[in-house]
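These notes are about the structure you will find just below.
Quick note: the coordinates plus some simple rules give every number you see, no bench work behind them. The shown structure was predicted, so the numbers you read here are calculated from the model rather than taken from an experiment. Cβ sites come from the backbone with ideal geometry, for glycine too, and all protein chains shown count toward neighbours.
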Protein chains: 2
Amino acid sequence: MGGLHQHIWPWRYWLLLGSYGLFLLLGTAVFVGVEAPQEAGLREALRGARAGFVRQHQSCLSEPGLERLLERVLDADSYGISALGNVSDDENWDFSSALFFAASVLTTTGYGHTVPLSDGGKVFCIFYTLLGLPATLLLATCLLQRLMGLLSHRPVQYLHTHWGISSGHAALGHAAAMGLGVLGLFILLPALCFWALENGWTFLESVYFCFISLSTIGLGDYVPGRGSPSSLRHLYKIIGGAVLQGAEWGQ
Amino acid sequence: MGGLHQHIWPWRYWLLLGSYGLFLLLGTAVFVGVEAPQEAGLREALRGARAGFVRQHQSCLSEPGLERLLERVLDADSYGISALGNVSDDENWDFSSALFFAASVLTTTGYGHTVPLSDGGKVFCIFYTLLGLPATLLLATCLLQRLMGLLSHRPVQYLHTHWGISSGHAALGHAAAMGLGVLGLFILLPALCFWALENGWTFLESVYFCFISLSTIGLGDYVPGRGSPSSLRHLYKIIGGAVLQGAEWGQ
């Protein structure tokens with residue numbers, strides 16, 4: 001056990017940490033380079049639209065009055081409540097939406113388009129998650145162990161004994177097939193569905209949404225069912241919740 | 001291996017799945033019960049404010065014109081760009097914000113208050129995460145293994161050999177101390193800091209934010225540094241990114 005007398009953090013840990021820090025900085029630099037100009041353009045356009053609106057209605061409209069209204073509108077929007085006339089029926093806390101919220105919290109995805117408003121809801125959310133995260137992990141582990149036998153050990157053995165392929169090659173081919181299967185089943189297929197069903201989503205946006213969901217990042221810039229009619233949306237959210245759980249267990 | 005000839009999914013798996021489904025439904029019911037009335041109230045107030053604004057300015061303002069402006073304002077807000085005059089300097093893609101974004105994506109927290117706007121940014125985000133998530137997990141595992149020796153095995157052994165406490169009691173006491181330590185270091189201490197530094201956050205909201213972050217849910221309803229002066233915010237975001245990474249590795 002001579003290693004214990006060595007320095008507490010050997011140099012290879014610092015190397016690892018340093019590389020990771022560099023990786024973070026590199027990502028940051030690319031994001032700044034790609035996104036900052038886009039953002040500046042959008043900000044300019046928005047400022048212009050606001051100024052134009054004030055100019056157009058200057059006979060009766062006061063700048064501070066508009067500011068107060070916009071403050072309220074944006075504050076409500078941060079809780080998922082829209083001030084627009086055409087989407088006023090979009091409830092966040094009906095049954096299917098609440099189920100979708102519960103599923104997205106338990107998989108740690110947390111899109112954030114629906115958030116608890118009240119103190120009670122926040123406290124419940126904390127304790128529900130404290131209980132639910134270990135339960136989700138436990139269930140995922142149980143199902144995964146079962147699935148691993150069915151989907152991994154058995155097919156490799158089958159290829160080996162019935163087709164006479166060497167264990168190494170069988171395992172390699174099987175891993176590649178599984179990778180493509182997961183990609184197809186959890187990314188491409190749902191992306192195609194969203195692309196077809198969501199108004200105004202491009203294929204890239206659909207793939208991006210599936211990826212951000214499957215990795216449980218859950219940015220919430222794209223959330224399915226926001227542009228569709230109300231009845232479809234409910235069905236969607238429940239299926240979406242199930243898919244989220246399935247994706248989590250599939251990892 | 002008689003178990004393999006059994007039914008593919010024994011009844012205990014169905015029991016497990018059923019209990020989990022019930023747990024989801026229970027959570028859903030509580031969220032609906034607690035949040036739906038709150039939401040209805042907020043929605044009513046917002047609708048009243050909008051109608052009042054239109055009434056007050058009816059001499060020059062048209063309802064469709066206001067709707068178009070609000071559409072633009074809310075669309076920009078979903079990309080993290082505010083139409084309010086008093087927060088116009090709040091850039092999402094300067095260096096510190098982009099670093100905070102990269103850290104929150106790599107820990108799968110994804111608050112969603114900052115999101116890539118361009119197609120290029122989305123594509124980069126996918127590939128960056130594909131590379132970065134395994135790297136983060138690898139680094140976390142390496143550091144954790146190292147830390148486990150220092151923080152777990154050694155103190156228990158020390159208690160056992162120097163204080164003469166039985167191994168079982170030493171392990172139990174140590175686990176309790178570690179649990180309290182994590183709670184204090186990663187939830188209570190940061191919550192106290194946010195409570196003191198963030199304008200308008202209650203203590204409950206601070207605890208809620210730390211918990212939602214630490215569990216990598218990342219709802220994004222509370223994000224530090226939004227109400228503080230610009231220079232403070234930059235420092236914050238960088239420290240916040242580091243804390244997020246630290247919290248991820250601590251799990």
Size of electric dipole in the protein assembly as shown: Cβ of Lys, Arg +1 and of Asp, Glu -1, about Cα centre, debye, nearest 20: 1240 debye
Across peptide A:206-215, what mean number of C-beta atoms from other chains lies inside 10 Å of a residue's C-beta? 4
Euclidean distance between Cα centres, region A:105-151 to region A:42-97, Å: 33 Å
Out of A:Gln145, A:Phe186, A:Ala98, whose Cα points farthest toward the positive end of the dipole of region A:95-250 (charges: +1 Lys, Arg; -1 Asp, Glu; placed on Cβ)? A:Gln145
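Under the classification rounded if a/c is under 1.5, otherwise prolate if a/b is larger than b/c and oblate if not, where does region A:95-250 fall, given a ≥ b ≥ c as square roots of the Cα gyration tensor eigenvalues? Numbers along the way, then the final one.
Details: a/c = 3.06, a/b = 1.61, b/c = 1.90.
It comes out oblate by the Cα gyration axes.
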Would you please put A:189-197, A:176-184, A:29-37, B:165-173 in order of how densely packed they are, using the mean number of other Cβ atoms within 10 angstrom per residue and starting with the highest? A:29-37, A:189-197, B:165-173, A:176-184
Taking θ = phi - 60°, what integer Hz values does the Karplus form 6.51 cos²θ - 1.76 cosθ + 1.60 yield along region B:22-33, in sequence order, with x for Gly and Pro? 5, 4, 4, 5, 4, x, 4, 4, 5, 4, 4, x
Can you pull the percent of Cα pairs in the protein assembly as shown with separation above 29 Å? 58 percent
